[in-house]
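I have placed the structure first, in the form of structure tokens, so that the comments after it can refer back to it.
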Amino acid sequence: MEKTKNEIQIGLCGKDGNPFANTENWHKKCDCTPEIVAETYEGKALSWSNGREWGEIHHPQLGKVMTYWKEGTPCYSTYTSPIVDVDGCIVTYKFDQDEGCWEEGSIDLGYYNGIDTCKFGY
Ligand SMILES: [Zn+2]
């Protein structure tokens with residue numbers, strides 16, 4: 001049985017132009033006509049355009065996941081694929097290769113914008 005996907009729309013508020021996800025509460029009371037800029041679903045995995053595969057690591061919530069680091073740089077830390085979270089934001093999880101453990105929490109890469117690749121900037 002296929003798991004139902006929790007669909008998410010990313011819009012721009014018609015009043016102030018700020019991006020929001022239709023799953024977020026803060027924009028629900030706004031009476032503007034938003035511009036829908038992207039459609040996605042919770043858990044969608046994107047790819048790194050400039051990442052190299054390091055190998056799979058077990059993550060406490062995600063299970064066994066491939067991790068990546070920025071091509072052409074020393075490999076001190078590796079990151080999971082960018083993933084769309086429940087609020088339409090792209091997040092990645094960082095594994096510290098020196099300490100041998102995952103860093104707490106996730107790194108926020110901003111709202112999904114319809115582009116399925118992210119670029120390492122660090
Ligand atoms: Zn609005």
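Only the coordinates and a few stated rules stand behind these numbers; no lab work does. What you see is a predicted model, and the numbers here were worked out from it, not measured in a lab. Here the Cβ is made from the backbone with ideal geometry for all residues, glycine too, and neighbour counts use every protein chain on show.
Would you mind finding the one in T67, T40, T33 that is polar (S, T, N, Q) and surrounded by fewer than 12 Cβ atoms within 10 Å (Cβ to Cβ)?
T33 is the lone residue from the list that is polar (S, T, N, Q) and surrounded by fewer than 12 Cβ atoms within 10 Å (Cβ to Cβ).
How about region 4-24: which of its residues are over 13 Å from C89 (Cα atoms), of a type outside the set (D, E, K, R) and assigned to a loop (DSSP other than H, G, I, E, B)?
T4, N6, C13, G14, G17, N18
Name, by its number, the condition in (1) in contact with a Pro (Cβ under 7 Å, 6 or more places away or on another chain); (2) assigned to a loop (DSSP other than H, G, I, E, B) that does not hold for D98.
Condition not satisfied by D98: (1).
From the set of residues in region 25-82 that are assigned to a loop (DSSP other than H, G, I, E, B) and either at positive phi or in contact (Cβ under 8 Å) with a residue 60 or more places away in the chain (or both), which is nearest to the ligand (Cβ to nearest atom)?
Looking at the filtered set, the residue picked out is K44.
So is G14 within 16 Å of the ligand (Cβ to nearest atom), without any contact (Cβ under 8 Å) to a residue 24 or more places away in the chain and exposed (fewer than 14 other Cβ atoms within 10 Å of the Cβ) or not?
yes
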